[in-house]
Number of protein chains: 2
Amino acid sequence: MKAVNIGILGLGTVGGGVANVLARNRVEIARRAGRDIVVTHAAAREAAQDVNTDGIEISNNAFAVVNDPSIDVVVELIGGYEPARELILQAIANGKHVVTANKALIAIHGNEIFAAAQQQGVTVAFEAAVAGGIPIIKALREGLSGNTIEWAAGIINGTGNFILTEMRDKGRDFADVLAEAQQLGYAEADPTFDVEGIDAAHKLTIIAAIAFGIPLQFEHVYTEGISAIDAADVAYAAHFGYRIKHLGMTRRTDQGIELRVHPTLIPEKRLLANVDGVMNAVLVHGDAVGPTLYYGAGAGREPTASAVVADIVDVVRALTTDPGNRVPHLAFQADALSAIPILDMADVVTAYYLRLQAADRPGVLAMITQILGQHEISIEAMLQKAPSTHEAGVPIVIISHRIRERQMNAAILAIEAQEAILGPVTRIRIESLASD
Amino acid sequence: MKAVNIGILGLGTVGGGVANVLARNRVEIARRAGRDIVVTHAAAREAAQDVNTDGIEISNNAFAVVNDPSIDVVVELIGGYEPARELILQAIANGKHVVTANKALIAIHGNEIFAAAQQQGVTVAFEAAVAGGIPIIKALREGLSGNTIEWAAGIINGTGNFILTEMRDKGRDFADVLAEAQQLGYAEADPTFDVEGIDAAHKLTIIAAIAFGIPLQFEHVYTEGISAIDAADVAYAAHFGYRIKHLGMTRRTDQGIELRVHPTLIPEKRLLANVDGVMNAVLVHGDAVGPTLYYGAGAGREPTASAVVADIVDVVRALTTDPGNRVPHLAFQADALSAIPILDMADVVTAYYLRLQAADRPGVLAMITQILGQHEISIEAMLQKAPSTHEAGVPIVIISHRIRERQMNAAILAIEAQEAILGPVTRIRIESLASD
């Protein structure tokens with residue numbers, strides 16, 4: 001069969017990785033795909049030295065690549081919103097299939113892009129947009145297609161997980177580890193997207209759409225980062241048998257879909273609690289299959305390239321399929337998406353870890369438990385430490401049973417209003433991730 | 001679009017599960033597949049009481065179902081070799097697509113079945129044949145298609161993993177836990193397939209074929225079960241920081257493909273070492289993606305049905321594809337399979353755990369270390385326990401560095417020939433499962 005011609009937009013970390021993997025595994029991939037897959041064109045200012053550019057025509061005109069009639073599949077790896085969006089829409093208009101690793105673009109502009117692709121009968125594949133090399137999109141969209149998905153929870157930002165792992169393993173502070181992560185290249189100079197949860201929210205947006213058959217709704221994700229996590233919280237969590245992970249969590253409830261990214265206490269026995277360093281993992285619960293977990297590298301040149309190349313092979317197979325009978329972009333047929341609303345964070349029900357600093361005098365614990373009781377919050381465990389010489393008051397840590405966030409918000413406000421409470425209450429949500 | 005008609009052969013545990021899941025999730029599945037998928041016929045002596053048989057015509061003539069022109073997809077869930085093989089070949093001859101969960105049949109007769117399907121332009125899907133509900137076939141065959149797969153290691157028999165988990169958690173003996181597993185329904189009355197590794201060898205045969213593009217070669221799997229594992233081994237392994245798991249392991253080497261099923265010591269920090277009870281997991285290492293892990297229920301009615309239904313949806317999508325451009329049965333094009341040989345077990349290189357009982361007198365340790373040294377075997381760690389009153393001699397446990405199995409076999413023979421060594425040497429292989 002005729003070789004398939006690939007045009008890559010961007011030869012940076014990921015683009016260079018895709019060119020290298022396609023060249024290195026060319027025979028192995030052709031044995032699978034049944035035809036040669038060749039990068040013929042790339043748009044880049046210049047290729048990095050460690051990229052195999054043999055046989056690739058490199059120009060700095062990305063639109064020329066998108067408009068080149070010899071190219072079958074356009075691979076967008078320049079990132080960002082523009083001109084990535086415009087280039088993809090142009091490729092679609094030209095009847096070309098598209099592969100992208102651009103999570104931000106898909107989370108924000110995916111609905112528009114998929115509608116355009118649907119109309120043109122082409123495919124836009126984006127496995128690399130979520131959890132790097134882990135084939136989680138494929139697992140959710142195809143491997144679990146017999147299930148009603150109940151919930152998914154993922155460690156989907158490697159930088160954040162590296163920081164939390166170091167904090168736990170070495171008792172280090174957030175700022176200290178972040179600085180090291182930046183030095184190691186795990187974190188950007190501006191780490192906001194990673195540590196404030198925005199990157200995870202992009203990925204969770206995509207996971208939720210595919211799990212439940214809802215449109216992409218990044219604007220409705222509740223997003224909280226890890227920058228407020230203190231070394232003390234990591235230690236107290238361990239005391240109660242938990243680890244703190246930055247989770248993306250989405251769950252189907254009768255009232256709506258939960259869509260939330262925040263630090264979370266997880267029982268230390270769970271596999272997800274043992275996913276360390278820069279690794280990612282997604283736990284998916286289907287009504288038939290029960291819990292399944294997918295683990296691997298969530299970022300990095302070659303793991304991301306692995307997902308991009310798998311998408312390219314899929315797209316090559318789709319070249320000869322009926323466009324109306326392909327795997328839909330968001331797992332569900334475009335005309336069968338559900339209008340089920342996203343649940344307001346105040347309506348989410350979880351358990352909580354609370355840490356507060358209280359004046360060291362009689363009656364304070366009674367006051368706190370009374371306020372929690374007034375808000376129908378049951379206490380599962382409590383820890384009061386002895387006062388230390390270098391800080392005012394005594395730390396109190398509380399593990400609550402499950403309660404609606406609205407009630408916990410009200411209770412925290414009431415507690416913080418007490419004169420005996422010194423400073424704000426730290427609140428971290430707890431998920432048991434149990435099957436039932 | 002017209003509904004797709006399914007004929008199920010067998011309405012037992014899995015067949016009943018498939019009927020139930022297709023009925024319960026009918027709307028959710030149609031939202032994904034773009035058309036209704038309906039079980040119209042089933043072959044069974046009688047359906048179990050808890051199976052939703054609404055609208056299903058049940059007969060006890062499986063060949064009538066296979067020959068019914070109204071049926072688009074045949075789902076074989078009767079198990080065993082015959083008449084399952086004959087029914088599938090008849091369905092293929094009739095131009096029908098086939099879905100099966102029959103691991104033994106695929107491992108033994110898959111080459112013949114896939115050749116027939118290839119000739120007829122139909123698909124035989126078998127996701128449920130390996131690791132139950134975990135979409136591991138899809139991940140390996142499609143999700144990692146850009147990689148040269150280097151190795152895969154899996155806990156792929158839930159019964160064996162349940163037994164080993166109980167032995168570790170509660171210090172119980174093999175026979176004791178096996179009896180309980182039989183009572184709980186986790187183990188068959190004749191547990192040979194599970195505890196002697198045959199079931200795992202069937203699954204590993206399929207994993208290796210798909211990972212490396214080689215024919216199915218069950219006859220070349222080195223297979224060792226868990227029935228010889230002693231509670232003492234579990235405890236000693238823990239002492240050295242390992243857990244004992246029953247692993248299927250396949251690895252590409254320059255000399256050939258390793259294909260082996262046996263108890264294995266794994267460092268306790270690895271995720272795979274923490275997969276407990278009846279759960280399964282497969283760790284796959286690709287050259288681009290690095291390590292990825294897939295975890296879930298490896299058996300059971302609904303998890304297996306989850307995989308069968310996902311296959312049905314895939315097959316429904318394949319109805320309108322070019323047969324020459326589909327995902328090949330064994331991941332690689334039928335005319336591009338590799339003739340790379342399976343490595344003889346004697347040529348496999350691993351580390352070892354050895355336990356032996358020696359006479360309690362001077363010079364015995366020196367004798368053992370001398371024999372190991374003569375066979376170029378380096379010792380990483382050694383433990384000699386104090387003599388106990390209720391057994392002869394003293395137990396000695398040795399952890400070796402990596403060495404070719406042939407040399408270890410010779411060393412063990414030489415050690416066992418010593419008059420000071422009481423009884424046979426217990427030998428369990430060790431895998432670090434590290435990335436490099």
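Throughout, read-outs are computed from the coordinates displayed, never taken from laboratory work. Here the structure is a predicted model, which is why all the values come from computation and not from measurement. Glycine also receives a Cβ, built like all others from the backbone with ideal geometry; neighbour counts cover every protein chain displayed.
Where the label is 7 Å out from Cα toward Cβ, how close does A:Arg361 come to the same position in every other copy, in nm, shortest first?
Here A:Arg361 shows inter-copy label distances of 8.0 nm.
Answer with one residue from B:Trp151, B:Ala237, B:Val195: the one whose Cα lies farthest towards the positive end of the charge dipole of the range B:137-298, charges on Cβ with Lys, Arg +1 and Asp, Glu -1.
B:Trp151
Which helices, taking whole DSSP H runs in chain B, have alpha carbons extending 20 angstrom or more along the helix axis plus mean Kyte-Doolittle at least 1.0?
Correct list, ordered by number: B:198-212.
Rank the residues A:Val122, A:Val177 as a footprinting-exposure proxy: fewest other Cβ atoms within 10 Å of their Cβ go first.
A:Val177, A:Val122
Roughly how big is the protein assembly as shown's charge dipole about its Cα centre, with Cβ charges of +1 (Lys, Arg) and -1 (Asp, Glu), in debye to the nearest 20?
220 debye
Report the net charge of residues surrounding A:Leu356, where surrounding means a beta-carbon distance below 15 angstrom and charges are Lys +1, Arg +1, Asp -1, Glu -1. Walk me through the intermediate numbers first.
Values: positive: A:Arg355, A:Arg361, A:Lys385, A:Arg427; negative: A:Asp230, A:Asp233, A:Asp360, A:Glu391, A:Glu416, A:Glu419.
Value of the local net charge: -2.
How big is the dipole moment of the range A:257-335 about its Cα centre under a simple scheme where the beta carbon of each Lys and Arg is +1, that of each Asp and Glu is -1, and everything else is neutral? Debye, nearest 20, please. If you can, show how the numbers build up before the last one.
Details: 6 positive and 9 negative charges, 33 e Å.
With Lys and Arg at +1 and Asp and Glu at -1, about 160 debye.
Report, in debye and to the nearest 20, how large the dipole of the range B:137-298 comes out about its Cα centre when Lys and Arg carry +1 and Asp and Glu carry -1 on their Cβ.
Charge dipole, the range B:137-298, about its Cα centre: 600 debye, nearest 20.
Other chains' Cβ within 10 Å of B:143-156 residues: what's the mean?
Per residue, the number of nearby Cβ atoms from other chains is 6 on average.
Just B:Gly197, B:Gly324, B:Gly300 to compare: in a GNM of chain B, with alpha carbon springs under 10 Å, which one fluctuates most?
So, out of B:Gly197, B:Gly324, B:Gly300, the one fluctuating most is B:Gly324.
For the range B:40-145, run through the chymotrypsin sites (Phe, Trp or Tyr not before Pro) and keep only the ones in DSSP coil with at most 16 other Cβ atoms within 10 Å of their Cβ. Mind dumping the intermediate values first?
Values: sites: B:Phe63, B:Tyr81, B:Phe114, B:Phe126; in loops: B:Tyr81, B:Phe126.
Filter output for the range B:40-145: B:Tyr81.
Taking other Cβ within 10 Å of each residue's Cβ, how do A:Thr253, B:Thr389 sort, fewest first?
If I rank by nearby Cβ atoms, fewest first, I get B:Thr389, A:Thr253.
Over the Cα atoms of the range A:136-296, how large are the radius of gyration and the largest Cα-Cα distance (Dmax), in Å?
Cα only, the range A:136-296: 15.6, 46 Å (Rg, Dmax).
Can you list the lysines whose alpha carbon sits under 20 Å from that of A:Lys96, skipping same-chain ones fewer than 8 residues off?
A:Lys2
Ranked by Cβ crowding within 10 angstrom, fewest neighbours first, how are B:Tyr352, B:Tyr294 ordered?
Going from sparsest to densest Cβ surroundings: B:Tyr352, B:Tyr294.
In units of 2.2 N^0.38 Å, what is the alpha-carbon radius of gyration of the range A:345-430?
Numbers: Rg = 12.4 Å, N = 86, 2.2 N^0.38 = 12.0 Å.
Against the empirical 2.2 N^0.38 Å value, I get 1.04 for the range A:345-430.
When the expected Rg is taken as 2.2 N^0.38 Å, what fraction or multiple of it is the alpha-carbon Rg of the range A:39-123?
The reported ratio for this selection is 1.08.
Once the dipole of the range B:314-436 is set up with Lys and Arg at +1 and Asp and Glu at -1 on Cβ about the Cα centre, which of B:Val315, B:Ile403, B:Gln333 lies farthest towards its positive end?
Farthest along the dipole direction, towards plus: B:Ile403.
Once you average over the residues of A:24-31, how many Cβ atoms of partner chains fall within 10 Å of each Cβ?
The per-residue average across the peptide is 5.
From Cα pairs below 8 angstrom and at least 6 apart in sequence, can you work out the relative contact order of the range A:136-296, rounded to a whole percent?
34 percent
Long-range amide H contacts for B:Val4: which residues qualify at under 5 Å (H placed 1.01 Å from N, peptide plane, sequence gap of 5 or more or a different chain)?
B:Asp36, B:Ile37, B:Val38
State log₁₀ I(q)/I(0) for the protein assembly as shown at q = 0.07, 0.09 Å⁻¹ as given by the Debye formula over alpha-carbon point scatterers of equal weight, solvent excluded.
-0.58, -0.96
Using the Cα atoms of the range A:282-426, I'd like the radius of gyration and the largest Cα-Cα distance, Dmax, both in angstrom.
Over the range A:282-426's Cα set, Rg and Dmax evaluate to 24.8, 76 Å.
If amide H atoms are built 1.01 Å from N in the plane of the peptide, which residues on other chains or at least 5 residues away come under 5 Å of the amide H of A:Gln333?
Amide H neighbours of A:Gln333, under 5 Å, 5+ apart: B:Arg32, B:Gly34.
Can you list the aspartates and glutamates whose alpha carbon sits under 14 Å from that of A:Lys385, skipping same-chain ones fewer than 8 residues off?
A:Asp233, A:Asp360
Hey, got the average number of other protein chain Cβ atoms within 10 angstrom for residues in A:309-321?
Per residue, the average neighbour count from other chains is 5.
Give the average over all directions of the projected area of the C-alpha convex hull of chain A, one decimal, in nm².
Seen from a random direction, the Cα hull of chain A projects 21.9 nm² on average.
What are the lysines whose alpha-carbon lies under 21 Å from the alpha-carbon of A:Lys269, with same-chain residues fewer than 8 places away excluded?
Straight-distance partners of A:Lys269: A:Lys170, A:Lys245, B:Lys170, B:Lys245, B:Lys269.
List the residues, sorted by chain then number, that are 5 or more residues from B:Thr253 or on another chain and whose placed amide H is less than 5 Å from its amide H.
Close amide H contacts, sequence-distant or interchain: B:Glu258.
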